[in-house]
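Q: Input: one structure, supplied below.
The values are calculated or read from the model by the stated rules, or taken from the named source; none is laboratory data. Treat the numbers as computed from the prediction; the structure is a model and nothing was measured. Cβ coordinates were reconstructed from backbone atoms using ideal geometry, including for glycine residues, and neighbour counts include every protein chain displayed. Protein only, heavy atoms only, side chains kept; ligands, DNA and RNA dropped before computing areas. Shrake-Rupley method; radii C 1.70, N 1.55, O 1.52, S 1.80 Å.
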Amino acid sequence: MEEDFERAVEDGLRLSKRLVLPGGAAPPRPHAGMDRYGAPDAAAASSLLPVAPMAYAVVTDPAAVDSPDVPSYQPHVYGRLSPPALIPLQMREVELRVDCAAGCATAEVTLVARWWLHCLTRSRDCDCRLVVPMGEEGSILGAEVTVGKKSYNTHVVDVDGNSPVKIVKTESGGILKSQFFQLTIPQVVGGEDIFATIRWSQKLLYDNGQFSVDIPFRFPHYVNPLPKLFTKKEKIQLTVNSGVSKEVLLQGTSHPLKEKTRQGEKLFFLHEAVVENWSIKDFTFSYSVYSGDVSGGVLVQRSTLRDYDDRDIFSIFLLPGNNQKRKIFRKAVVFIVDTSGSMQGKPIENVKNAISTAVSELEEGDYFNIVTFNDELHSFSSCLEKVNGKTTENAINWMNLNFVAQGGTDIMHPLTEALALLSNSDGALPQIFLVTDGSVEDERNICRTVKTQLTNKGSISPRISTFGLGSYCNHYFLRMLASIGKGHYDAAFDTGSIEGRILQWFQKASSTIVADISIDVTKHTQEFEVDCEYIPDISAKYPLFVSGRFRGELPETLYAEGYLSDMSKISIELKVQHIKDIPLDKVLAKQQMDLLTAKAWLSENKQLEQMVTTVRVAVCIAQMQRQGV
């Protein structure tokens, strides 16, 4: 699909050479440091996939391609284009608004832009396609488009027979590229302006104590209108809500933002300028919240009349802090790796490289083993091996020989083997890391069986973290299995990100500093429901976020309790904040829908399936009401 898209854009760029712009000028030339496609470096020129919000004219009749105001008098072109060409439209205005809420690790992004159909004569019309690349775990919240007297906006529709929990697979399956939102606007007349407001949420990144947001914002040169005819104003607004009364340290930004105000935990920044060319770099911003030890808080949003659920919403966050004395739990790790035939090629190579690095990062005093599975089961050792230079080297050599993609997929057998291996972990925290790209028939039974086994093992039961590759595996199953196992779920949908994402996933899940988290709220609430099955452990590498619904009144302070690596108890004070400026129902919607969908899949509960659709519709309606649509 990506290749077809790029080919259509390439055809569109060739067609746009027929245009003569107002004043008889040629199309704008790329400025210094950009290639002919407007990419800032040679490596990016190989792809015509959008790296910023874009609009395209969908052209089937090449004879209609002409300047709306100045006829080009080019030779007539006969025939039709099938598939259609995509001509990138020039952009006249752009504004980016970003609201970062560290208390739920989410950024809400609003893009306001105006494009004009500069490549079609005024006597003709064509469809136009808006394409928005979204950042990490992007989820569309809504879009409104106005063309002339016509207005369009997105709605979530509950269609009978189209259950939200069905697994959608591409015809070829396998690996997909970054997430894009696409919207087609019908019958736009040549020369008309397209006004669009598009909103989405995406995950705040966290690395080495820093929160950051990264938004695709690199516009190619051919979307720049002539500077003498159009003044280009670029505007970026940023709001940061740290969620805690700690010192916020700004670490870096891609664009020249100016701090305007600070109000408690909120910071406001603005960039506004007349520019010669639209931005050629992604918008990035990073900051850290200083804390000497594990800290956190509780964000609370009251339910409203428009809410689908009359219970209040909460989001609990726990930051690992900067206390170097906090020791990471010793680990007993079993890697379970899918080596079925579908893993052939780059996927199996990338997974092998990532697991090799993960094994090398284990500390002396840790234990490990590696199990591969397809139709058969193969283990590096018959027992847990103590980490040292020799066993690490032997394990990497074993992987080089045994990571061969062939056969089918059987997940229950290796899980049973891993649980048996971890039955005696010598006081280390037992952990299972499952990597697969496939699905099996008995996935619900696997979840129920594993849940029973883990419950019987008590509080320090094996943690199970899952990682899915591509679109063929059942991500609902993997998400549910990780939730049951107090572990972490992640996925990669393009081959280039497999190795890096697996390492991040492993480091987050294997760096436990506080285990068996509990929060006693029974004396304060009549009902307290957490979205996930169990509360995961606190990692030194990533904050912990837990959301849900409750009924009752929370006190000013709650306490989270858990165990440190020496099995001593720790109590963490959580200040409760009642907020109005962070729409928790909206920013937590994707996370809640993902978990609800996984629960609906496991239980085959039609009411939960309907609840997923209800949440989607409610968020859409609430967003439209806030915007006055």
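Q: Restricting to segment 120-150, what's the tally of residues that are under 26 Å from S279 (Cα atoms) and touching a helix residue (DSSP H, G or I) at 6+ places or on another chain (Cβ under 6 Å)?
A: Looking only at that region, the number is 4.
Q: Of the residues E144, E95, E137, which single one is assigned by the TED database to the domain that holds Y222 and not in a strand (DSSP E or B)?
A: Exactly one residue qualifies, and that residue is E137.
Q: Also, quick follow-up: So the check is Cβ under 8 Å with 6+ separation or different chains; which pairs have a first residue in segment 190-208 that's not assigned by the TED database to the domain that holds D66 and a second one that's surrounded by fewer than 18 Cβ atoms within 10 Å (Cβ to Cβ)?
A: none
Q: Inspect all residues belonging to segment 396-414 and state whether any of them is modelled with pLDDT under 95 and among the charged types (D, E, K, R).
A: Looking through segment 396-414, at least one residue is modelled with pLDDT under 95 and among the charged types (D, E, K, R).
Q: Residues of segment 101-122 being more than 25 Å from D11 (Cα to Cα) and in a strand (DSSP E or B), which ones?
A: A101, T106, A107, E108, V109, T110, L111, V112
Q: Does D307 fit the bill of being acidic (D, E), under 26 Å from the mean Cα position of the chain (by Cα) and open to solvent by less than 20 Å² (accessible area, probe 1.4 Å)?
A: So D307 fails the test.
Q: Applying the selection to segment 447-495, what residues are within 20 Å of the chain's Cα centre (by Cα), surrounded by fewer than 22 Cβ atoms within 10 Å (Cβ to Cβ) and either of a type in the set (K, R) or assigned to a loop (DSSP other than H, G, I, E, B) (or both)?
A: Hits for segment 447-495 are S471, Y472, N474, F493, D494.
Q: Now for a different question. What is the residue count in segment 359-399 for residues that are open to solvent by less than 70 Å² (accessible area, probe 1.4 Å) and in a loop (DSSP other than H, G, I, E, B)?
A: So the answer is 9.
Q: A further question follows. Does at least one position in segment 152-161 carry a residue that is modelled with pLDDT of 80 or more and surrounded by 14 or more Cβ atoms within 10 Å (Cβ to Cβ)?
A: There is at least one residue in segment 152-161 that is modelled with pLDDT of 80 or more and surrounded by 14 or more Cβ atoms within 10 Å (Cβ to Cβ).
Q: Related question: So, in segment 178-205, exactly how many residues are part of a strand (DSSP E or B) and in contact with a Lys or Arg (Cβ under 8 Å, 6 or more places away or on another chain)?
A: So the answer is 10.
Q: Then there is this: Of the residues L238, L249, L270, which is in contact with a Phe, Trp or Tyr (Cβ under 7 Å, 6 or more places away or on another chain) and open to solvent by 30 Å² or more (accessible area, probe 1.4 Å)?
A: Going through L238, L249, L270 in turn, just one is in contact with a Phe, Trp or Tyr (Cβ under 7 Å, 6 or more places away or on another chain) and open to solvent by 30 Å² or more (accessible area, probe 1.4 Å): L249.
Q: Moving on. Which condition number in (1) closer than 19 Å to D307 by Cα; (2) open to solvent by less than 40 Å² (accessible area, probe 1.4 Å) is the one that E529 fails?
A: Every condition holds for E529 apart from (2).
Q: Here is a further query. Among the residues of segment 425-446, write down those that are assigned to a loop (DSSP other than H, G, I, E, B) and surrounded by fewer than 24 Cβ atoms within 10 Å (Cβ to Cβ).
A: Hits for segment 425-446 are S425, D426, G427, A428, G438, S439, V440, E441, D442.
Q: From the list S510, S565, which one is of a type outside the set (V, I, T) and crowded, with 18+ Cβ neighbours inside 10 Å?
A: S510
Q: I've got another one for you. Just to confirm my filter: which strands (runs of 3 or more DSSP E) fall fully inside segment 258-333 and include at least 2 residues that are within 30 Å of F230 (Cβ to Cβ) and in the same structural domain as L238 (by the TED database)?
A: 258-263, 266-275, 283-289
Q: On the given criteria, is V9 within 22 Å of M134 (Cβ to Cβ) and either polar (S, T, N, Q) or at pLDDT 70 or above (or both)? Working first, answer last.
A: Numbers: within 22 Å of M134 (Cβ to Cβ): yes; either polar (S, T, N, Q) or at pLDDT 70 or above (or both): yes.
Yes, satisfied.
Q: Just the residues that are buried (at least 19 other Cβ atoms within 10 Å of the Cβ) and of a type in the set (D, E), please, taken from segment 102-134.
A: Within segment 102-134, just E108 meets the criteria.
Q: Of everything in segment 244-286, what is among the hydroxyl-bearing types (S, T, Y) and at pLDDT 90 or above? Give them in sequence order.
A: T253, S254, S279, T284, S286 - these are the residues of segment 244-286 that are among the hydroxyl-bearing types (S, T, Y) and at pLDDT 90 or above.
Q: Right, next: Answer yes if at least one residue in segment 223-232 is out of contact with any Gly (no Cβ under 6 Å at 6 or more places or on another chain), assigned to a helix (DSSP H, G or I) and open to solvent by less than 60 Å² (accessible area, probe 1.4 Å), and no otherwise.
A: There is at least one residue in segment 223-232 that is out of contact with any Gly (no Cβ under 6 Å at 6 or more places or on another chain), assigned to a helix (DSSP H, G or I) and open to solvent by less than 60 Å² (accessible area, probe 1.4 Å).
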